[in-house]
Amino acid sequence: MAKALTSTLQVDQVLKTIMDKIQDFLRPDTWSLLLVDEKTNELYFQIATGESASKLKDVRLKMGEGIAGWVAQTAQAAIVPDVSKDRRFFAGVDAKTEMRTHSVVCVPIRSKERVLGVIELINYVGQRDFNDADLALLQALADYAAIALENALHVARIHELTITDDVTALYNVRHLNFVLDTEIYRSNRYSYQFSVIFIDLDHFKHVNDNHGHLAGSKLLKELAELLRGSLRMIDYAFRYGGDEFVVLLPQTDKDNATIVARRLRDRLNEHVFLKEENLNLQLTSSIGIATYPVDARSKADLIRLADEAMYLVKNTTRNNIALANIGLLQ
């Protein structure tokens, strides 16, 4: 078990191994693995088996909420033969999943410094009652899982830092080059187009000059959130440098990319930045669009043409959109 769990640094593989070993050793009908979201300090269902597993996808528990939340908060295991007699039980999950919980066995997945999550068995059905030996086995599995998960999450975090921008948490230029190579390959193989939108904030220097670089950084972070909220799941947003951003739209021709660019421009124009700081700033942008392969056959030319289209706007009207090889939108 230890060898299997520590043989990979891929989070998905570690989780799959945990799932397989629990099935092998304990054969529960219904069980789940909940992980701690560090940003919100909540538990979410990373793995769930059983009839109502699909309904747990969006369920979250606050730290200390329910038996799983109590185990995560206290880092102590819990065996509850009858949940109706335990004050820690939270019936809200049953209400959402339409299942009936009778008993719970729950153990923490704890590293040296913190609890990473919990393993929870619901209505354990076996040839005999769940006993101390079973609990020791489950806790041993959780301890090995903690080592494997912590290592895998650490490696994943290091990888994330190499491809994301510190200020905005958007992807950086290094990752843009990788994604462009991938999209060019897919475009050539499956004969579809993709588009790149180059965005430059108009007069952003005034923000730094008048309000300081800290305010400027907060504004860029706020803009990154606006971009993320305006794109599809398959789209990519990158910070290219300074106040320049790139949006990559897979399987998107120039007409549809123009629709997206108009939407981004309008949302940016309508948005009021730095409300919490009582600055209430509004900005416009200069936007350029280029499409592969109709405008360019290499990533360098594609970025260059999108950049040149953006500068056509920046050097003329600002707050507008230009198309590579076509010019300004009317």
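The values are calculated or read from the model by the stated rules, or taken from the named source; none is laboratory data. What you are looking at is a predicted structure, and each value in this text was computed from that prediction instead of being measured. Reconstructed Cβ throughout: ideal geometry from the backbone, glycine too, with neighbour counts over all protein chains shown.
In table form, for the structure just shown:
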quantity	calculated
In the stretch 193-246, the residues that are charged (D, E, K, R) and under 19 Å from Ala257 (Cβ atoms)	Asp200, Arg228, Arg232, Asp235, Glu244
Failed item, numbered, when Ile321 is tested on (1) modelled with pLDDT under 95; (2) of a type outside the set (Ser, Thr, Tyr); (3) under 27 Å from Asn208 (Cα atoms)	(1)
Single residue of the stretch 82-131 satisfying the filter (of a type in the set (Lys, Arg) and part of a loop (DSSP other than H, G, I, E, B)) that is farthest from Gln46 (Cα to Cα)	Arg128
Of residues in the stretch 82-104 being in contact (Cβ under 8 Å) with a residue 40 or more places away in the chain and surrounded by fewer than 17 Cβ atoms within 10 Å (Cβ to Cβ), the one nearest to Glu38 (Cα to Cα)	Lys96
